[in-house]
1. So GLY41 fits all but one of (1) open to solvent by less than 60 Å² (accessible area, probe 1.4 Å); (2) out of contact with any Cys (no Cβ under 9 Å at 6 or more places or on another chain); (3) at negative phi; (4) not hydroxyl-bearing (Ser, Thr, Tyr); what number is the exception?
2. Restricting to the range 116-134, what's the tally of residues that are assigned to a loop (DSSP other than H, G, I, E, B), among the hydrophobic types (A, V, I, L, M, F, W, C) and open to solvent by 30 Å² or more (accessible area, probe 1.4 Å)?
3. Just the residues that are in contact (Cβ under 8 Å) with a residue 40 or more places away in the chain and either open to solvent by 40 Å² or more (accessible area, probe 1.4 Å) or among the hydroxyl-bearing types (Ser, Thr, Tyr) (or both), please, taken from the range 135-148.
4. Please find, within the range 71-86, the residue that is farthest from the chain's Cα centre (by Cα) out of those that are within 15 Å of ALA100 (Cα to Cα) and open to solvent by 90 Å² or more (accessible area, probe 1.4 Å).
5. Quick one: ARG55 ticks every box in (1) touching a residue at least 24 places away in the same chain (Cβ under 8 Å); (2) touching a Gly at 6+ places or on another chain (Cβ under 8 Å); (3) outside any helix (DSSP H, G or I); (4) farther than 16 Å from VAL137 by Cα bar one, so which box is it?
6. Those residues that are surrounded by 12 or more Cβ atoms within 10 Å (Cβ to Cβ), out of contact with any Lys or Arg (no Cβ under 6 Å at 6 or more places or on another chain) and not polar (S, T, N, Q), I need them from the range 44-66; list them, please.
7. Where the second residue is not in a helix (DSSP H, G or I) and the first is of a type in the set (Gly, Ala, Ser) and lies in the range 12-28, which pairs have Cβ atoms under 8 Å and are six or more apart or on separate chains?
Amino acid sequence: MGHGPASVRGLRAVSFWLVIIVAVLVDQATKAAVRARVPEGAHARLIPGVMDLTRVQNTGAAFSVGEGKGLLFVAIALFTVVVCCYLVWTQELPLTLAIALGFVSGGGLGNMIDRLALGAVTDFLSLSFVSFPVFNVADVFVTLGVGCALVGWWVWDVRRARQDERG
């Protein structure tokens, strides 16, 4: 296998899609396990003083924003995945940035599946040391992906600017 632009683009694309697949599978598996074993509204300690298990069905987004607007969030998730696919395929992104965009896309798709299949997202993780909305594994993937993508984009931009200065 060569190391030309096509093979690098292929590696980015394959990595991006593998991350999406793993993120969706892990997210859906954790939600299915919670739905099968934990009644809605149930609350239990997972890590005392840190994290609890609190099962809720959320028809909105974080902080219950947009409650009942599931199709809007489906459209946003699809748009995000399309934009991420476009960036991974057309831009000479570092592999780490493609992976971060895979986390964002995988998390978005995980919650989208819930919205389409159940009409609501299954949330079940709650922080006990701070007042924060109940969330799920897909939300963790999206949050980590966005954070890593922002840092990765900044680092990539700085490197490109330095290369341009050197000519």
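The values are calculated or read from the model by the stated rules, or taken from the named source; none is laboratory data. Every value quoted in this text rests on a predicted model; they were computed, and no experiment measured them. Cβ atoms come from the backbone with ideal geometry, glycine included; neighbour counts cover every protein chain shown. We work out accessible area using only protein heavy atoms, side chains counted, and drop any ligands, DNA or RNA first. Shrake-Rupley method; radii C 1.70, N 1.55, O 1.52, S 1.80 Å.
1. (3)
2. Adding up the residues that qualify gives 4.
3. Listed by number, the residues that qualify are ASP139, LEU144, VAL146, CYS148.
4. Taking the candidates together, the pick is TYR86.
5. Of (1) touching a residue at least 24 places away in the same chain (Cβ under 8 Å); (2) touching a Gly at 6+ places or on another chain (Cβ under 8 Å); (3) outside any helix (DSSP H, G or I); (4) farther than 16 Å from VAL137 by Cα, only one is false for ARG55: (4).
6. LEU46, MET51, LEU53, ARG55, VAL56, GLY60, ALA61, ALA62, GLY66
7. none
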